[in-house]
Structure formats: C-alpha cells, structure tokens
Amino acid sequence: MESILFDGNGMERVDVEQRAEKARRFFLEGYNCAQAVVLAYCDLFDISPSLAASISAPLGGGMGRLREVCGAVSGMFMVAGLFYKNDVPSDMTKRKIVYSTVQDLAEKSKALNGSIICRELLGLDHKSDSPTPEARTETYYKRRPCADYVASAARLIGEKLNEVSEEM
C-alpha cells in the first residue's frame, strides 16, 4: 500500500500507473467513472471509500447521465479540490490555484481525449439519457471507452500531484 500523501514531512510521489490501474479496476467493478477516480485517491486524503463513492456518485455519466462534463474528469477535479483544500471562502489565492489547476487539467484531458464532454467522448447524438444506468455487461464494456478515460483522468491528477511535490 502506498503511504499517505500528507505525512507531515511534505508530499510523497504518487505511483501514477498504479493509481490509473486502480481507477480502471474500480470502474470495471461497477463504480461509475467519477467514483472510480475519486476512489483511486481517497486513501491519500484519509477519506473512507464509502464517503468517496457517495459524494462522487452523482457525477457519473456526465453528471447524472446528463452527458455533460465527463464523470472521470469531474472525479479528477474533486481530487484536486481535496489536495488544495480551499475551505476558507475569503482565500482568493487558494481559489485561484484550484481554478487554475482545474483549467490546466481540463486542457490536458482535452488534448489527450479530444473533449471533456461525456456525449462527445462517447459519440452520442443526444444531450442526456434516462436516469436509469445501463447494466454492466461484457457488451457494455466493449462499446464504452470509459475505462480508458477513467485511467487517463487518474493518471493526469497523479502527474499533477507529483508535479506539485517536486516544487515543494
């Protein structure tokens, strides 16, 4: 098991590929795209898997199957928020850092995958789907590239965390 990111003496490097594969496994176990990314990193922030899965659950399917911002991308943004801890409303410096990080991650994800919008990534011609999730079958996984997007998002946030650790 990797050590906790915040150990009192600074940050330790994240094994990016291990986290990407962990996120992919969570998705293949049935968690949605947002949950898979957040679950792959929740131990670094001392958040229980149950809480991580619960708070990220609404973001799957491009936010509740609305097919808007990809859930894996939203999960990546949630991990950035956990890392930067912008919990003081008057701290505009920290807020700027969080927003800058989100914009940077979004651009990197767009460059890698062509978009951060769920329906565009999936080649859908409609804006939203029924709120009823599809059964996770072998056919589902074969026609959905989501596991790759989940791994990509987990990889990008891990690289960002390592980049910050090198600056410390």
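The values are calculated or read from the model by the stated rules, or taken from the named source; none is laboratory data. Treat the numbers as computed from the prediction; the structure is a model and nothing was measured. Note: ideal-geometry Cβ built from the backbone for every residue, glycine included; neighbour counts use all protein chains shown. The area values use the complete protein model at the heavy-atom level, side chains included, leaving out ligands, DNA and RNA. Shrake-Rupley method; radii C 1.70, N 1.55, O 1.52, S 1.80 Å.
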Selection count where residues are more than 23 Å from K110 (Cα to Cα) and either small (G, A, S) or buried (at least 17 other Cβ atoms within 10 Å of the Cβ) (or both), scope the stretch 46-72: 5
Examine the stretch 95-110 for a residue that is within 21 Å of N32 (Cα to Cα), in contact (Cβ under 8 Å) with a residue 24 or more places away in the chain, among the small types (G, A, S) and open to solvent by less than 70 Å² (accessible area, probe 1.4 Å), and state whether such a residue exists. yes
Starting from the stretch 136-160, take each residue that is over 13 Å from V38 (Cα atoms) and list its partners that are part of a loop (DSSP other than H, G, I, E, B) and of a type outside the set (A, V, I, L, M), counting only C-beta distances under 8 angstrom and pairs at least six apart or across chains. R136/G30; Y140/E134; Y149/C70
Kindly list the number of the only condition in (1) farther than 13 Å from C118 by Cα; (2) touching a Ser or Thr at 6+ places or on another chain (Cβ under 7 Å) that fails for A40. (2)
Output the residues belonging to the stretch 121-148 that are surrounded by 15 or more Cβ atoms within 10 Å (Cβ to Cβ) and more than 19 Å from R25 (Cβ to Cβ). L121, L122, S128, D129
Among the residues that make up the stretch 29-42, is at least one of them touching a residue at least 12 places away in the same chain (Cβ under 8 Å), open to solvent by 30 Å² or more (accessible area, probe 1.4 Å) and not in a loop (DSSP other than H, G, I, E, B)? no
